[in-house]
Amino acid sequence: MMKKTLKAKEGKDNRPIKTWSRRSTILPEMIGFTYNVHNGRVFIPVYITENHVGYKLGEFAPTRTFKGHKGSVQKKIGK
């Protein structure tokens, strides 16, 4: 992935870099680029800033969606 980052930096390319590697650590060379990180279903765009350095790419592309708890529990609490 660093090859793609360095190539984009040389060519002044603004297109997002597509990756399936969620375990890659974000390095200072990646700042200012947008990565499309795969979450198992779709690619999530992640713009890298200084605050992201040291984290993993996968931390910014959630794999699960929380839709709430069962509705009947909420109805019992309301009565």
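Does segment 30-75 hold any residues that are of a type in the set (S, T, N, Q) and in contact with a strand residue (DSSP E or B) (Cβ under 9 Å, 6 or more places away or on another chain), and which are they?
The initial filter retains those residues of segment 30-75 that are of a type in the set (S, T, N, Q), namely 34, 36, 39, 49, 51, 63, 65, 72, 74.
Passing the criteria: 34, 36.
Whether any residue in segment 52-63 is exposed (fewer than 10 other Cβ atoms within 10 Å of the Cβ) and of a type outside the set (Gly, Ala, Ser) is what I want to check.
The answer is no, given that none of the residues of segment 52-63 is exposed (fewer than 10 other Cβ atoms within 10 Å of the Cβ) and of a type outside the set (Gly, Ala, Ser).
Please specify each residue of segment 8-54 satisfying the condition of being at pLDDT 90 or above and of a type in the set (Lys, Arg).
Listed by number, the residues that qualify are 15, 18, 22, 23, 41.
Can you name the residue in segment 1-29 that is touching a residue at least 24 places away in the same chain (Cβ under 8 Å) and polar (S, T, N, Q) and is also surrounded by the most Cβ atoms within 10 Å (Cβ to Cβ) among such residues?
The residue in question is 19.
Filter segment 32-47 down to the residues that are in a loop (DSSP other than H, G, I, E, B) and surrounded by 14 or more Cβ atoms within 10 Å (Cβ to Cβ) and list them by number. Can you show your working first?
Initial filter on segment 32-47 (in a loop (DSSP other than H, G, I, E, B)): 32-33, 39-42.
Those that are in a loop (DSSP other than H, G, I, E, B) and surrounded by 14 or more Cβ atoms within 10 Å (Cβ to Cβ): 33, 39.
Give the residue that is nearest to the chain's Cα centre (by Cα), with candidates limited to residues of segment 1-31 that are in a loop (DSSP other than H, G, I, E, B) and more than 16 Å from residue 55 (Cβ to Cβ). Quick ask: steps written out before the conclusion?
The first filter runs over segment 1-31 and keeps only residues in a loop (DSSP other than H, G, I, E, B), leaving 1, 12-16, 20-24, 26-27, 31.
Keeping just the survivors that are more than 16 Å from residue 55 (Cβ to Cβ) gives 12-16, 20.
Numbers: 12: 22, 13: 19, 14: 17, 15: 16, 16: 12, 20: 10 Å.
Result: 20.
The values are calculated or read from the model by the stated rules, or taken from the named source; none is laboratory data. Remember, predicted model here, so these are calculated numbers, not experimental data. Every residue, glycine as well, gets a Cβ built from its backbone with ideal geometry; the counts of neighbours run over all protein chains shown.
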